[in-house]
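Okay, so here's the structure we're looking at.
The values are calculated or read from the model by the stated rules, or taken from the named source; none is laboratory data. If you're wondering where the values come from, they're calculated on a predicted model, not measured in any experiment. Glycine also receives a Cβ, built like all others from the backbone with ideal geometry; neighbour counts cover every protein chain displayed. Remember, those area values only see protein heavy atoms, side chains included, never the ligands or the DNA or RNA. Shrake-Rupley method; radii C 1.70, N 1.55, O 1.52, S 1.80 Å.
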Amino acid sequence: MAFDIDMIKGVYANMAERVDKAREIVGKPLTLSEKILYAHLWDGTPTKAFVRGKDYVDFAPDRIACQDATAQMALLQFMQAGKPKVAVPTTVHCDHLIQAKSGAAADLKTANSTSAEVFDFLESVSNKYGIGFWKPGAGIIHQVVLENYAFPGGMMIGTDSHTVNAGGLGMVAIGVGGADAVDVMAGMAWELKFPKLIGVRLTGKISGWTAPKDVILKVAEILTVKGGTGAIVEYFGPGAKALSCTGKGTICNMGAEIGATTSTFGYDDSMERYLRATDRSDVADAANKVREYLTADEEVYANPEQYFDQVIDIDLSKLNPLLNGPFTPDLSTPVGKEMTKKATENDWPMQVEWGLIGSCTNSSYEDLSRASSIAQQALDKKLKTKAEFGINPGSEQVRFTAERDGILGIFEKLDAKIFTNACGPCIGQWARYSDPKNAPKNSIVHSFNRNFAKRADGNPNTHAFVASPEITAAIAIAGRLDFNPMTDTLINEDGEEVRFEEPTGWELPPKGFEVEDAGYLAPKEDGSSVKVVVDPTSERLQLLDPFEPIQNESLQNVKLLIKAFGKCTTDHISMAGPWLRFRGHLDNIANNTLIGAVNAFNQKTNLVKNQLTGEYEGVPDTQRAYKAKGIKSMVVGDHNYGEGSSREHAAMQPRHLGVAAVLVKSFARIHETNLKKQGMLALTFANENDYELIQEDDTFNFVDIADFAPDTPLTIEIVHADGSKDTIKANHTYNDAQIGWFREGSALNVIKKQNAA
């Protein structure tokens, strides 16, 4: 039986009335995305049509999911909200703080020891406030959500950008910062700009070596890392219906890499099969009663150009396996000759040292079974694996079932390391090198979602390529980036030429799923007696003090902290990896603020000019010097600033250190919202060329900040070191409520004020 089945039935009970009313108001057939959005309005039944990409709308999500790294700060904030219990079903999943090194048993034991303080804190807070808790080793948040909580037509938010994975079960599931989650936990509405809609029509059918992963790798090539910003991507067509539910999840998961608000599919037979296989026949039965409301109206998919802002066509029958990378998830190359050519021209290391299978993107039973079919062929054909293998099952249920069915044993015969059911290398939790910064140039292939520099192992010289699990397995066995398993042969131990046959696998386990201990702990019905203790001397956890409002007068004589050059992701602003241990201690983790960003004036990282001394220092050190003098500072950046993870630390850390404003050419959606939530100014150049005006010793005056208002650009006077001045305009997307967050110091301050009233 499903968790929260009464809540799910309640959503379905309102679905028909709300969708029918929305269709009447909009005056045309509706996409699935629109049906779910209009069915989840905070005010209930729709009363007006919203303008895509313009109107801010209040929504009422059905549930929240948090992973351990982001849950710490989210729950520390929730503890300030003055509420006895979360207002909507919420779960916490311990999957980020487990480092991959020796193997599952040893690594989990180490994590439970080194992070015991954090796990105990999360468990006690969950128990106190009515939050479901998934223990370390239970699985990766998004796979666990797909197996237990996702349901067609639902809306959820999660404090991780890959929350979008639940779109594989027909949800609108959106990654947010912790402050957004706190709003909903506290019983407030959740605000989102009504998304634009991108339709992806899938025709034909996947076969052979091509996998669902290749669909999103192709979409990433087409749309790039920012082409989906502000939009929901809705997949449809006969090719979509032919995909498995977990295959759909893979596609939705990597929608985060194109900046999409989320991605989703209409409810179909594969979703019903998955619900029933994961002991949720009650959800399937309820969904079937409103089935027509859980996919788009027929007219939409028949004539998509009339209903979507953009339509992309992909013929799955013609789609070939792809490798995306290195250093960005949208640089797409077909396996084989084209990769040989491109790798040679760009001096990418041709030898592959590791093949990694798993992560929240590709760690289902189906993924492991298809990859194991290649591993079994290697054993049968007497092939020695040239690269090392690492496997991260998505959940304890998947791991237990895969072990029962012999799938993990096949990998172990090839000396693969079976890591914990956790994120591991995908989020930098991989003890591959003792000195990552000085590690050698190399290539790895993985079935993860992101491959930014230093992402997996901390080594800036690791060239990481994203592929399907089956292609990852084949290339790892061959040990060559240019290997094409569809055409190339390998020499086995007997000196014979052998070739791989097409991968095979199971959509769902033939003998059903099985697990002894899934790792779930239910909270107390009444948690008022539970004590949450945070040691004031802890280096891992720190109770929060509210942010003070940024006053108008402090926005004069603002110093430039850094002018970031090129790509500046949340990994550059607040690195993961070893820094994850400080995610619950704002002051300690602030010591990594922007240390990965490239200074435009010297092309170096973590070396900026301290305008008070004229010396060059680390970014956090320079900012702490400004803070000690009561001086606010500003960060300047390029396009898609803050792409990547949803981590709100990338906003909270600069705020904590005294950064008042971030001025860039464009923002990634989640990061822009996170900055707003923390009471900062998130601004974009009205004229992108004004980026070139910014000099190293600049001081900024916010001339008309007293008149800060929606739809009105701000004027910034730039004072250069020689006394000359430039005046520029900065655009923003703040509405009245968000300006209220700024004036009060943060969105959380507003919630506390409302609760106290």
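Structure summary
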read-out: Distance-filtered residues of region 285-299 - backbone nitrogen under 19 Å, label point 7 angstrom along Asp6 Cα→Cβ; value: 286-287
read-out: FRET efficiency estimate (nearest 0.05) - Cβ-Cβ, Thr45 to Thr504, R0 41 angstrom; value: 0.25
read-out: Exposure of Phe194 as accessible area (Å², to 10), given a probe of 1.4 Å and all protein chains; value: 0
read-out: Cut-off under 5 Å, modelled amide H: who pairs with Ala464 long-range; value: Phe327, Ile444
read-out: By accessible area with a 1.4 Å probe, ligands and nucleic acids excluded, highest first: order of Arg655, Arg23; value: Arg23, Arg655
read-out: Mean separation of Cα contacts under 8 Å (6+ apart) over length of the chain, as relative contact order %; value: 14
read-out: The chain, accessible area per residue, ligands and nucleic acids excluded (1.4 Å, Å²); value: 35
read-out: 5 angstrom amide H check on Glu191, placed H, neighbours 5+ away; value: Phe59
read-out: Cross-link reach list, lysines versus Lys604, counting only Cα pairs under 22 Å and skipping chain neighbours closer than eight places; value: Lys437, Lys441, Lys454, Lys559, Lys563, Lys567, Lys665
read-out: Point-charge dipole on Cβ atoms (K/R +1, D/E -1) for region 552-756, about Cα centre, debye to 20; value: 860
read-out: Local electrostatic count at Gly527 - Lys and Arg +1, Asp and Glu -1, tallied over other residues with Cβ under 13 Å; value: +2
read-out: Scattering curve values for region 552-756, log₁₀ I(q)/I(0), Debye with Cα scatterers, q = 0.08, 0.17 Å⁻¹; value: -0.24, -1.18
read-out: Phi to ³J(HN,Hα) by Karplus 6.51 cos²θ - 1.76 cosθ + 1.60 over region 690-701, Hz, x for Gly, Pro; value: 5, 3, 6, 6, 6, 10, 5, 9, 6, 10, 10, 10
read-out: Two-decimal Rg to Rh for region 443-527 - Kirkwood Rh, Cα set; value: 1.18
read-out: Additional length obtainable on full extension of the chain from Ala116 to Lys337, 0.36 nm per residue less Cα span; value: 74.6 nm
read-out: Accessible surface of the chain [probe 1.4 Å, protein heavy atoms]: carbon and sulfur percent; value: 47
read-out: Farthest toward positive dipole pole in region 552-756 [+1 Lys/Arg, -1 Asp/Glu at C-beta], among Ala709, Gly618, Ser554; value: Gly618
read-out: Probe 1.4 Å - accessible area at Asp711, Å² to nearest ten; value: 150
read-out: Residue (of Ile198, Asn492, Met79) at the positive-pole extreme of the chain, dipole from beta-carbon charges; value: Met79
read-out: Residues Asn735 and Glu548, FRET efficiency given R0 of 25 Å [Cβ-Cβ distance, rounded to 0.05]; value: 0.65
read-out: Check: the chain dipole with +1 on Lys, Arg Cβ and -1 on Asp, Glu Cβ, in debye; value: 580
read-out: Residue-count net charge about Glu496 - beta-carbon cut-off 11 Å; Lys, Arg +1, Asp, Glu -1; value: 0
read-out: Estimated [θ] at 222 nm from DSSP helical runs (n ≥ 4, -39500 (n - 2.57)) normalised by residues in the chain, nearest 500; value: -9000 deg cm²/dmol
read-out: Given charges at Cβ of Lys, Arg, Asp, Glu: region 322-498 dipole, positive-most of Gly409, Val398, Asn438; value: Asn438
read-out: Relative intensity, log₁₀ I(q)/I(0), of region 322-498 from a Debye sum that treats every alpha carbon as a point, q = 0.12, 0.15, 0.16, 0.20 Å⁻¹; value: -0.51, -0.80, -0.91, -1.37
read-out: Partner aspartates and glutamates for Lys218 [C-alpha distance under 18 Å; skip if fewer than 8 residues away on the same chain]; value: Glu234, Glu257, Asp313, Asp315, Asp330, Glu338, Glu470
read-out: Cα centroid separation - region 268-290 against region 55-132, whole Å; value: 28
read-out: Cα-based convex hull, the chain, per residue volume (Å³, whole number); value: 151
read-out: Considering only region 322-498, percent of DSSP beta bridges that pair antiparallel, nearest 5; value: 30
read-out: From phi via Karplus (6.51, -1.76, 1.60), per-residue ³J(HN,Hα) for region 150-161 in Hz, x at Gly/Pro; value: 5, 8, x, x, x, 10, 9, 10, x, 7, 7, 5
read-out: Per residue convex hull volume, Cα atoms of region 554-676, in Å³; value: 96
